[in-house]
Amino acid sequence: MPVHMDKIYPKVNYKERPGPAICTTFRLDTYQRAQAVQFTVEEINNTPNFLPNITLGFQLFDSCVVLQRAVSGTLQLLSGHGESLPNYRCNQKTQLAAVIGHTTSTYSILLAHILGLYRYPQISHFSTSSLLSNRIRFRSFFRTVPSDAFQSQGLAQLVLHFGWTWIGLVALDNDYGQQGIQIVKRDLIKAGACVAFTETIISSRQDRNAPHIARVIKDSTATAVVIFSTDIDLSFLLDEMLRQNITGKVWIASEAWSTSFFLSVSKYSRLLLGAIGFALHSGSMPGFGDFLNRVNTSMVMGNQWIKIFWEQVFSCKFQDQMSTKLMSNSSIKECTGQESLEKIRNNYNDVSSLRVPYNIYTAVHVVAKALDDLGKCRKGDGPFPNGSCADIKNFKPWQLLHYIKKLRLNTSDGRQLFFDENGDPPAVYDVVNWQLSPEGQIQQVTVGSYDTSITSGNVFTINTSYIHWGTGDLGVPVSVCSPSCPPGFRKAARKGQPSCCFQCILCPYGEIANHTDSLQCTKCPWDMWPNPTQDDCVPKTQEFLSHEDPLGITLTTTGISSSLVPVAIFALFIYYKTTPIVRANNYSLSCLLLVSLSLCFLCSLVFIGYPQYEICLLRQVTFGVVFALCVSCILAKTNMVVIAFKATRPGSQLRKWTRPHVSYLIVISCILIQIFLCIMWLTFSPPFLEVKSESNSGVLVIQCNEGSPLAFWSMLGYLGLLASISFIVAFLARRLPNSFNEAKFITFSMLAFLSVWLSYIPASLSSQGKYMVAMEIFAIQSSTWGLVICMFLPKCYIIVFRPDMNSREKFMAKQKR
């Protein structure tokens, strides 16, 4: 494992063999991991009845994150000698059981190729690349951390959980970073999210390509950025972002840096507060804290590291490490070796959340448990040919490998560890959020979990109320290319841009979108219409000429009040029926005409109100028959005026046509023809109730369909024919001697009647719905008023205001003139 976390390569002059890399950046948290190995081995050796008569030992190599050093250390373990001798085991006194490591996936892949040749078990405590799950290539590799395939899927779920669809991706240029970020990218795109940018941290460059990546992040509109990197490589990018003053971003962390002590300093607090990500599941190691504090400079094992550690913790220098110049500098104190670690609180002796050390602890216990199982094998019941067992003091690597594959280990936190067919354990992660502690220090607070071992329920849980965002948002920060389209709008793609970048277009007239980010609008049913926000269909407004409508109220009031006028005139005629003016105008026909005029006014009321089926059948028929009665009465009066004048001549044969039954015969004949037309209409194509919906209107027109337009216009045309005959005859007889100008009154009344109904024809064709009905009612009432005024107003005026003219003498005098 790397105890130093960085290195410096010597300059190459191509004249001599390049020197080894120089290890730099001794870190307290990585030294804590090294101590975890020693602590676990001592704990196992001190456990009674566990590996009896067997003592475990270990060798630890500091790779400094240098691939060559990792390979060299592995070959030294295999050969058991100071130098690596491939295919030779020089130290026969001790048995090599397994190799723990490496930390970095790329290094573990190379080591797995070597160790797999000899079937030596290799157990990594921090290598998470999904490539290592290939059992064909890496037959003896195991790990106590989940594969990045699980982490990447979980990180994609985490991003989608917060509704972030416009994501930036940054990854280290090794197998860990590239494999992990590709799975995240695949799952995000599959779920409909979009990637704003994908950048690579180039570890071979001194600046790690940080200036370019920082500019891309700063210029991007993506708020959420997923980073797959180690903490040491990420620090270069963070330093550059501080220089460029990049703020307002949410960082989604992979487990390699989500709990980094190295980055948990005030320097990066302005950037990393609010970061959220996956961390390895933490566990407990009873007694580990006391063990860490017992380290002292008198220990022989790892003494060189202990001195470096001591100087870093207590900010001092040992005398043999101090030059004359340093000794003269009073600011550098000398290490005595008596300093107390118990008084120090740092990331070395912080055991509140053990993650990587706990995985090392578990890895050592895996090897020990497999050795214990191997040692407890009974001959005849063994897993090898003929039921044989392996000798624990002289076993083959592949024999121990068998027991590791079948292992079931109960961990200190109550979980059961086992390996699947790919050598991976159940994937368990903590979801952590970077927050400020009450003391002002950065801390990683667990806000959720991701546990694939859960067979029932949701493997992903998170408590959003525990999360503190570093962007200053009260709620979850937004990271979208385009804001969501609200209901009533649909998404339309922008040419040449990802699917997450779109524009919102209002649904066309008559269509709705009832949920956010609708891809298309839908039409409402024929009897429904969009509400004002176009997110729901509501029933269309029913339109008909109702009694509650102001127009309906007006026409109803007018119709009822108007119908009383002919009644009043009728009463007046009854009262003055013996007077010359009443008798001269054919009293019986006048009374019948007045009744029909009152019915004409009242028949207009049938057109007002909800047009039920029965009303639709009868309203036009009622109108036609009543008006036929009215006009036929006028025609009979016209006929009587002409014939009565002609019959006054001596010897005239027309006198017999002046009898009352002739007038009644005319009226009955005319009405019967109209009734016949109406019966034919109702028989073959009757009117019916129609619900009419206009495609571009929110109104549902409830109306009576006349069934046969030909029948309707035939009925109306027949009325026009009767009126035209009356008009022509009366017009020709207008100059006949008559005391009260009856022919002239008929002429004017028919002229008014025909004018109204001729005007109705184009007006009805240009109107619809309740206004077409109102137009017909207006024509009925106005034409009826024309008849009342022209036929009876002059007579009523004479009866009421000029009684002197209503005498036989006046009547005869006019007749003689």
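The values are calculated or read from the model by the stated rules, or taken from the named source; none is laboratory data. Bear in mind the structure is a predicted one, so any value in this text is a computation, not a measurement. All Cβ positions, even for glycine, are placed from backbone atoms using ideal geometry, and neighbour counts span all protein chains on display. For the accessible areas, the whole protein counts, side chains as well, though only heavy atoms, and no ligand, DNA or RNA atoms are used. Shrake-Rupley method; radii C 1.70, N 1.55, O 1.52, S 1.80 Å.
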Check: Which number gives the lysine pairs in the stretch 247-403 that have C-alpha atoms under 23 Å apart and are eight or more places apart or on different chains?
Finding: 17
Margin query: Please give me the summed charge of the neighbours of P508: other residues whose Cβ is under 12 Å from its Cβ, Lys and Arg +1, Asp and Glu -1.
Written below: +1
Next item on the list: Mind giving me the FRET efficiency for F418 and L75? R0 is 25 Å, r the Cβ-Cβ distance, nearest 0.05 is fine.
Entry: 0.25
Item checked: Loop-located trypsin sites (Lys or Arg not before Pro) in the stretch 405-500, at most 10 other Cβ atoms within 10 Å (DSSP) -> R408, K495
Margin query: For a test of the definition: using alpha carbon positions, the gyration tensor, and the 1.5 limit on a/c, classify the stretch 155-247 as rounded, prolate or oblate.
Written below: oblate
Item checked: Candidates per trypsin sites (Lys or Arg not before Pro) in the stretch 192-285, loop by DSSP, up to 13 other Cβ within 10 Å -> R205
Check: Between S546 and H212, 0.36 nm times their residue separation minus their Cα-Cα distance comes to what?
Finding: 112.9 nm
Next item on the list: Calculate for the chain the 222 nm mean residue ellipticity that helices alone would give, adding -39,500 (n - 2.57) per DSSP H run of length 4 or more and normalising by residue count, nearest 500 deg cm²/dmol.
Entry: -14000 deg cm²/dmol
Next item on the list: Starting from the Cα-Cα distance between N347 and N49, subtract it from 0.36 nm times their residue separation and give me the gain in nm to one decimal.
Entry: 103.8 nm
Check: Do any trypsin sites (Lys or Arg not before Pro) in the stretch 333-363 lie in a DSSP loop with no more than 13 other beta carbon atoms within 10 Å, and if so, which?
Finding: R345
Check: Measuring from label point to label point, each 7 Å out along Cα→Cβ, what is the F684 to F197 span in nm?
Finding: 8.2
Check: Given the alpha-carbon gyration tensor of the stretch 525-590, what are the semi-axes of its equivalent ellipsoid in whole angstrom, ordered largest first, with each equal to the square root of 5 times an eigenvalue?
Finding: 54, 10, 6
Note to self: Quick check: net charge around F228, other residues with Cβ under 10 Å of its Cβ, Lys/Arg +1 and Asp/Glu -1?
What the structure shows: -2
Margin query: On C-alpha positions alone, give me the angle between the axis of helix 303-314 and the longest principal axis of the chain, in degrees, nearest 10.
Written below: 50
Margin query: Need one number: the % of Cα-Cα pairs in the stretch 47-101 sitting beyond the 13 Å mark.
Written below: 64
Next item on the list: With no solvent and one equal point scatterer per Cα, compute the Debye intensity ratio I(q)/I(0) for the stretch 709-788 at 0.18, 0.23, 0.24, 0.27 Å⁻¹ and report its log10, rounded to two decimals.
Entry: -0.77, -1.06, -1.12, -1.27
Checklist line | Gyration tensor verdict on the chain (Cα atoms; rounded if a/c is under 1.5, prolate if a/b is larger than b/c, oblate otherwise) | finding: prolate
Item checked: Note, ³J(HN,Hα) from phi for the stretch 543-558, Karplus 6.51, -1.76, 1.60, rounded to Hz, x at Gly and Pro -> 10, 7, 7, 8, 6, 8, 5, x, 5, x, 4, 4, 5, 5, 4, 5
Checklist line | 5 angstrom amide H check on G277, placed H, neighbours 5+ away | finding: A253, V432
Next item on the list: Return, in residue-number order, each cysteine of the chain whose C-beta is not under 4.7 Å from any other cysteine's C-beta.
Entry: C90, C591, C600, C603, C630, C633, C670, C678, C790, C796
Check: Using alpha-carbon positions, what is the distance between the centroids of the stretch 350-383 and the stretch 448-495, in Å?
Finding: 40
Item checked: Amide hydrogen neighbours beyond the local backbone of E543, cut-off 5 Å, H modeled -> L700, V701, I702
Note to self: With N set to the number of residues, divide the alpha-carbon radius of gyration of the stretch 452-576 by 2.2 N^0.38 Å and report two decimals.
What the structure shows: 2.24
Notebook entry, point to check: D527 to K11: extension gain in nm, 0.36 nm per residue of separation minus the Cα-Cα distance?
Noted result: 177.4 nm
Check: Using 1/(1 + (r/R0)^6) with R0 = 51 angstrom and r between the beta carbons of S340 and N386, what's the FRET efficiency to the nearest 0.05?
Finding: 0.30
Next item on the list: Under 11 Å from the Cβ of D320, count the other residues' Cβ atoms, weight Lys and Arg +1, Asp and Glu -1, and hand me the total.
Entry: +1
Notebook entry, point to check: Rolling a 1.4 angstrom probe over the protein heavy atoms, how many square angstrom per residue are accessible across the chain?
Noted result: 49
Checklist line | Inter-probe distance in nm under a simple model that places probes 7 Å from Cα toward Cβ, at N410 and H468 | finding: 3.9
Check: Can you work out the FRET efficiency for the pair S724 and V662, with r the C-beta to C-beta distance and R0 = 25 Å, to the nearest 0.05?
Finding: 0.75
Item checked: Using alpha-carbon coordinates, inclination of helix 105-118 to the longest axis of the chain, degrees -> 60
Checklist line | Using alpha-carbon coordinates, inclination of helix 587-603 to the longest axis of the chain, degrees | finding: 0
Check: Taking the simple approach of a point 7 Å from Cα along Cα-to-Cβ for both Q59 and T516, what is their distance in nm?
Finding: 6.0
Item checked: lysines whose Cα lies under 25 Å from that of K744, excluding same-chain neighbours fewer than 8 positions away -> K577, K637, K646, K656, K795, K810, K814, K816
Checklist line | Candidate residues E42, E776, E511, E334: accessible-area rank, largest first, probe 1.4 Å | finding: E334, E42, E511, E776
